[in-house]
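Written below as structure tokens is the structure these notes are about.
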Amino acid sequence: MEFSSKLIEKAVNEMSQLPGIGKRTALRLVLHMLKQPKEQVAFLSQALLSMREDIKYCNSCHNISDSSTCEICANKNRNHQIICVVEDIRDVMAIENTGQFRGIYHVLGGKISPIDGVGPSQLNIISLVEKVKLGQVSEIIFALSSTMEGDTTNFYIYKQIADSAIIVSTIARGISVGDELEYADEVTLGRSILHRVPFEKSLKTN
């Protein structure tokens, strides 16, 4: 792709680093911004910089937040003894959009994947296990994607808390095997939360 401006080329190259954005789409976005008032582009730039510099992670659940405790964990109307374990913020948003879950979350920050060099120590697993050992939890709900990495992560955590007298469940397999949680429709995901099954049962059927 030839550019008549090095400035445009640089902007396109940076924009195309975003997931799902190729050079042609990046060029359309850059040319669109070029037509906008300078103030609007400045607002976008400032919003991105502020997000990157000021974003925090909840001290309790590791969710992305504007403060040290996210709004969900700070909500006294939520059931703090039921924890839904998810991979990242996109899964929190997907489940929240169903309106079917009133517990709180624990964001792992990924899934165990040896092929990608991701081990248990690189995820937020220890803090979850500590909550269980301190007696702060009555039920753990595994809501990771139905992939090999998701199942491996579920099983690893299950083994870490197997001696605790709590309910360990997993979302019902309304989510197809191999599907990422964030792409599930709200009705299917909501039903999967409501009709969750004991984790031990899921092991026997896999």
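The values are calculated or read from the model by the stated rules, or taken from the named source; none is laboratory data. Because the structure is predicted, anything quoted here is derived from the model rather than measured. Here the Cβ is made from the backbone with ideal geometry for all residues, glycine too, and neighbour counts use every protein chain on show.
Any idea which of (1) of a type in the set (A, V, I, L, M, F, W, C); (2) part of a strand (DSSP E or B); (3) over 12 Å from the mean Cα position of the chain (by Cα) is the one I115 doesn't satisfy?
Checking I115 against (1) of a type in the set (A, V, I, L, M, F, W, C); (2) part of a strand (DSSP E or B); (3) over 12 Å from the mean Cα position of the chain (by Cα), the one that fails is (2).
Has region 78-94 got any residue that is part of a strand (DSSP E or B), touching a Gly at 6+ places or on another chain (Cβ under 9 Å) and surrounded by fewer than 16 Cβ atoms within 10 Å (Cβ to Cβ)?
Checked region 78-94: at least one residue is part of a strand (DSSP E or B), touching a Gly at 6+ places or on another chain (Cβ under 9 Å) and surrounded by fewer than 16 Cβ atoms within 10 Å (Cβ to Cβ).
Tell me, please, whether a residue that is more than 17 Å from the chain's Cα centre (by Cα) and of a type in the set (K, R) can be found in region 130-152.
yes
With respect to the numbered conditions (1) over 30 Å from N79 (Cα atoms); (2) in a helix (DSSP H, G or I), which one is the sole condition not fulfilled by M51?
With respect to (1) over 30 Å from N79 (Cα atoms); (2) in a helix (DSSP H, G or I), M51 is out only on (1).
A quick yes/no check of all residues on (1) in contact (Cβ under 8 Å) with a residue 24 or more places away in the chain; (2) touching a His at 6+ places or on another chain (Cβ under 9 Å):
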site: H62; (1), (2): yes, yes
site: C73; (1), (2): yes, yes
site: Q81; (1), (2): yes, no
site: R90; (1), (2): yes, no
site: T98; (1), (2): yes, no
site: G119; (1), (2): no, no
site: L134; (1), (2): no, no
site: S138; (1), (2): yes, no
site: T170; (1), (2): yes, no
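Please count how many residues of region 124-166 are at pLDDT 95 or above, among the hydrophobic types (A, V, I, L, M, F, W, C) and surrounded by fewer than 16 Cβ atoms within 10 Å (Cβ to Cβ).
Result for region 124-166: 2.
Tell me, please, whether a residue that is surrounded by 15 or more Cβ atoms within 10 Å (Cβ to Cβ) and closer than 30 Å to N13 by Cα can be found in region 98-109.
For region 98-109, residues surrounded by 15 or more Cβ atoms within 10 Å (Cβ to Cβ) and closer than 30 Å to N13 by Cα: present.
Is there a residue being in contact (Cβ under 8 Å) with a residue 24 or more places away in the chain, in contact with a Lys or Arg (Cβ under 6 Å, 6 or more places away or on another chain) and closer than 18 Å to C58 by Cβ anywhere in region 143-161?
No; the residues of region 143-161 include none that is in contact (Cβ under 8 Å) with a residue 24 or more places away in the chain, in contact with a Lys or Arg (Cβ under 6 Å, 6 or more places away or on another chain) and closer than 18 Å to C58 by Cβ.
S169 - would you say it is in contact with a Pro (Cβ under 6 Å, 6 or more places away or on another chain), surrounded by 15 or more Cβ atoms within 10 Å (Cβ to Cβ) and modelled with pLDDT under 95?
For S169, the condition - in contact with a Pro (Cβ under 6 Å, 6 or more places away or on another chain), surrounded by 15 or more Cβ atoms within 10 Å (Cβ to Cβ) and modelled with pLDDT under 95 - is met.
I'd like to check something: does region 92-111 contain any residue that is over 26 Å from C58 (Cα atoms) and modelled with pLDDT under 95?
No, every residue in region 92-111 fails to be over 26 Å from C58 (Cα atoms) and modelled with pLDDT under 95.
Are any of the residues in region 135-143 touching a helix residue (DSSP H, G or I) at 6+ places or on another chain (Cβ under 8 Å) and either among the basic types (K, R) or in a helix (DSSP H, G or I) (or both)?
no
Taking the options K76, K56, name whichever one is within 30 Å of L134 (Cα to Cα) and more than 20 Å from the chain's Cα centre (by Cα).
Answer to the check: K76.
For Q46, work out the one condition from (1) closer than 30 Å to Y158 by Cα; (2) modelled with pLDDT of 95 or more it doesn't fulfil.
Status for Q46: all satisfied but (1).
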